[in-house]
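Here is the structure we will look at.
The values are calculated or read from the model by the stated rules, or taken from the named source; none is laboratory data. Quick caveat, the model's predicted, so the values are computed rather than measured. Every residue, glycine as well, gets a Cβ built from its backbone with ideal geometry; the counts of neighbours run over all protein chains shown.
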Amino acid sequence: MSGDATTASAAAPEKPPRRPMSLQLKVGLAITGTMVLLGLLAPWIAPHPWDTISMRTRFLAPNATYWLGTDEYGRDVLSRLLMGARLSIAMGVAATVVSLAIGVPMGLAAGYFRGWTDEVLMRLADILMAVPPIMLGLLVLAVTPPALWKTALAVGFVYIPLIARIARSVTLTLANEEFIQAAKARAESNWYILFREILPNAWPPLLVEASLRVTYAILLGSALSFLGLGAQPPSSDWGLMISEARSFIDRAPWIALAPGIAMCVLVIGINLLGDGARERLDPRLKARIGKR
């Protein structure tokens, strides 16, 4: 019995060792996780009410009471920065969800059915990509009163073509795999093959691209808020905070610097997270790194 157990254990394949997380993935997780946590806990950890106006505390430089100073209405910049993190991150994630919800099915259908379906969907994507993102966002928002949820929809609409192209590219690669041919031999429906066979295998590159789209969505959403087409006063959106600080940049630069630096840190963190995830999830990239 012991000999059989020894033989069985020897014949069992050894599990490959799990690769440790790369430094950039760890740093990206730390930065992004910290920013998300601060945004979620903002109502409870903000040192002062974010929307309380006090003319006696206007334009105070950073000090022991107001760590990042106050703005033109005497509001605490740090408290507004923390509350703004919630809005900026939520808007970026919501916009990315919109682009995934429309772009992924669009790309799957184009890559799988091909023919006239591919031509129609990809030419539509080309038309959308021909318009600069900021201009397309302005066109979508200019016809209706500005609101934050409309900004999320507009930004998500901007990035649909990019998500659709990536989904199409992955689908073209997977369509000739043996498990797809086996599903066709079982007479599975096209929609079953698309959403039960192709989509689960297409998620790694799509998730990596989605993480990068979040950064662009945050920047574009902030740009639209800066132009007055996104969040409206007295909101604490980072783009709106920078816009309101324009007139006082010489007198109180900290009002604009705080949200600008926070936005840069968040974007860097998400980019590091996306690059680290791509390195970990992409088998071809892992193979190239392993040869070094």
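Observations on the structure shown:
- Those residues of the stretch 106-117 which are surrounded by fewer than 17 Cβ atoms within 10 Å (Cβ to Cβ) and in a helix (DSSP H, G or I), in sequence order: F113, G115, W116, T117
- Residues of the stretch 123-155 that turn out to be out of contact with any Gly (no Cβ under 9 Å at 6 or more places or on another chain) and either free of Cβ contacts under 8 Å to residues at least 40 places away in the same chain or not β-branched (V, I, T) (or both), as a count: 21
- Test: A210 is buried (at least 19 other Cβ atoms within 10 Å of the Cβ), more than 30 Å from P49 (Cβ to Cβ), at pLDDT 90 or above and out of contact with any strand residue (DSSP E or B) (no Cβ under 6 Å at 6 or more places or on another chain): no
- Selection from the stretch 170-194 of residues that are surrounded by 14 or more Cβ atoms within 10 Å (Cβ to Cβ), assigned to a helix (DSSP H, G or I), in contact (Cβ under 8 Å) with a residue 60 or more places away in the chain and of a type outside the set (V, I, T): L172, L194
- Count of residues meeting criterion [without any contact (Cβ under 8 Å) to a residue 24 or more places away in the chain and of a type outside the set (K, R)] in the stretch 195-216: 3
- Just so you know, in the stretch 271-292 the residues that are farther than 15 Å from L206 by Cα and assigned to a helix (DSSP H, G or I) include one that is modelled with the lowest pLDDT, and it is I289.
- Here P259 meets the list (1) modelled with pLDDT of 90 or more; (2) outside any helix (DSSP H, G or I) almost entirely, failing just condition (2).
- Once the stretch 49-72 is narrowed to residues that are buried (at least 17 other Cβ atoms within 10 Å of the Cβ) and either closer than 24 Å to T32 by Cβ or of a type outside the set (A, V, I, L, M) (or both), the residue that is modelled with the lowest pLDDT is W50.
- With respect to the conditions (1) surrounded by 13 or more Cβ atoms within 10 Å (Cβ to Cβ); (2) over 14 Å from L87 (Cβ atoms), G239 lacks only one, and its number is (2).
- Matching option when the condition is crowded, with 19+ Cβ neighbours inside 10 Å, out of contact with any Cys (no Cβ under 7 Å at 6 or more places or on another chain), under 25 Å from W149 (Cβ atoms) and of a type in the set (V, I, T), among I218, I198: I218
- Checking the stated criteria, F248 turns out not to satisfy the condition of being under 30 Å from M135 (Cβ atoms), modelled with pLDDT of 80 or more and either crowded, with 19+ Cβ neighbours inside 10 Å or of a type in the set (S, T, N, Q) (or both).
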